[in-house]
Amino acid sequence: MEKLVFLTREDAWSFAMGELGALSGVRVVSLAPGAGLLLGEGDLTERVNALSPLFIRHIHPAERVIASMDALPAAAEELTRDYSGKKLAVHAVDLTGERGEGAILAALLDSPAIGRFETGPEEETVLSATRAKDGIYLGLSKSRDMLSPRAGGIYRYAMTPETVSRAAFKLTEVFDRLPLPAPREALDLGAAPGGWTRVLLERGARVTAVDPAKLDPRVEDDPRVTHYRGLSQDYLKEAGDKSFDYLVNDMRMDARESVRVTLEALPLLKSGGILVITLKLPEKGSLKRARDAMALLREEVGILFARQLYHNRSEITCVGKKP
Ligand SMILES: C[S@@+](CC[C@H](N)C(=O)[O-])C[C@H]1O[C@@H](n2cnc3c(N)ncnc32)[C@H](O)[C@@H]1O
């Protein structure tokens with residue numbers, strides 16, 4: 001019987017269960033709010049990856065379950081004995097609420113096992129330790145198979161006086177996760193107060209920011225920003241033959257309606273251009289709403305990535321490329 005640790009947003013647990021429901025012969029044990037253990041036959045890492053889940057943030061195999069921290073160094077030694085690579089990342093997540101990630105990492109890094117490797121935060125192979133109330137789950141896996149290369153799928157960014165809005169973290173996370181081209185001419189639908197516009201400016205773009213609401217003066221006054229102070233639907237009637245290499249949309253509206261407006265805007269996006277859209281989801285029926293909206297999008301855009309990001313709330317983020 002294989003075991004796999006998985007993490008979701010706490011309030012997306014039932015949607016993640018809906019996605020895992022497609023796997024036959026598995027069962028789930030809850031480890032903590034938003035964290036579970038999947039048990040079943042076969043390569044569970046491969047089976048979960050094949051689902052392209054929207055609501056599962058991170059996975060790692062649980063090849064050993066260790067009762068106490070004292071036993072961790074020896075278990076790490078045993079697990080990595082046959083690993084021949086030179087580099088290994090070490091991840092720790094503590095689900096017990098005691099925030100003991102530092103202690104877990106210290107125990108692993110002190111192990112003679114780890115002394116054989118160079119360690120870095122984002123290497124190709126990862127030794128993961130997740131501590132739950134009933135033990136520590138330890139596993140070795142390829143970074144690219146874990147749905148996110150970061151420990152627990154967590155992307156932490158500091159709020160600084162420069163931060164225009166928390167929403168900006170969503171687009172920063174997208175750029176941190178995917179090898180996307182630098183934006184040059186971007187159309188930002190639902191731009192206010194300007195967090196995403198600011199992220200695009202920082203990456204070298206000129207931005208047309210569309211929103212009836214005010215932009216933060218630091219964004220509004222930037223000479224590379226054109227603010228259309230109105231609805232996206234009205235902007236699209238007036239846009240003429242303008243052309244962009246990025247189309248981003250964080251509008252607060254129903255996911256399907258937002259996709260419809262995006263598809264109307266699509267002629268303005270160059271071939272090969274990048275689309276980033278957050279799909280706002282209802283409290284109930286989110287999985288179906290997300291899948292319906294994505295099916296509409298997929299008719300005209302190649303989807304590169306779709307997931308509930310660490311910084312998404314009741315929403316998912318899709319990244320696509322215009323053919
Ligand atoms: C979550 S906020 C966007 C935050 C922004 N991405 C940031 O980083 O600061 C959603 C925005 O969508 C805008 N919005 C809602 N419906 C719109 C529409 N039809 N056209 C343009 N903007 C719209 C709202 O005015 C609101 O400012």
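The values are calculated or read from the model by the stated rules, or taken from the named source; none is laboratory data. In this text, all values refer to a predicted model and were calculated from it rather than measured experimentally. With ideal geometry, Cβ positions are generated from the backbone for all residues, glycine too; neighbour counts draw on all protein chains shown. Please note that ligands, DNA and RNA were not included when accessible areas were found on the heavy atoms of the full protein model with its side chains. Shrake-Rupley method; radii C 1.70, N 1.55, O 1.52, S 1.80 Å.
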(message) Could you list, ordered by first residue, the pairs with Cβ atoms under 6 Å in which the first is in the stretch 297-310 and part of a strand (DSSP E or B) and the second is among the basic types (Lys, Arg), at least 6 apart or interchain?
(response) Gly302/Lys321; Leu304/Lys321
(message) Looking at the stretch 145-173 only, could you name the residues that are within 12 Å of the ligand (Cβ to nearest atom), among the hydrophobic types (A, V, I, L, M, F, W, C) and under 16 Å from Asn312 (Cα atoms)?
(response) Ala167, Ala168, Phe169, Leu171
(message) Just the residues that are surrounded by 24 or more Cβ atoms within 10 Å (Cβ to Cβ) and more than 10 Å from the ligand (Cβ to nearest atom), please, taken from the stretch 201-225.
(response) Val207
(message) Can you tell me which condition Asp222 does not meet? The list is (1) out of contact with any strand residue (DSSP E or B) (no Cβ under 9 Å at 6 or more places or on another chain); (2) in a loop (DSSP other than H, G, I, E, B); (3) of a type in the set (Asp, Glu), and all the others hold.
(response) (1)
(request) Name the single residue, out of those in the stretch 249-283 being assigned to a loop (DSSP other than H, G, I, E, B) and within 15 Å of the ligand (Cβ to nearest atom), that is most open to solvent (accessible area, probe 1.4 Å). (result) Arg252
(request) Mind telling me which of the residues Gly102, Gly97 ends up being outside any helix (DSSP H, G or I), at pLDDT below 95 and open to solvent by 40 Å² or more (accessible area, probe 1.4 Å)? (result) Gly97
(message) Return the residues of the stretch 177-196 that are open to solvent by less than 10 Å² (accessible area, probe 1.4 Å) and away from the ligand (no atom under 11 Å from the Cβ); say none if nothing qualifies.
(response) Pro183, Ala186, Leu187
(message) Within the stretch 123-141, take every residue that is touching a strand residue (DSSP E or B) at 6+ places or on another chain (Cβ under 6 Å) and charged (D, E, K, R) and give me the one that is surrounded by the most Cβ atoms within 10 Å (Cβ to Cβ).
(response) Arg131
(request) Scan (1) in a loop (DSSP other than H, G, I, E, B); (2) in contact with a helix residue (DSSP H, G or I) (Cβ under 6 Å, 6 or more places away or on another chain) for the single condition Leu180 breaks and write down its number. (result) (2)
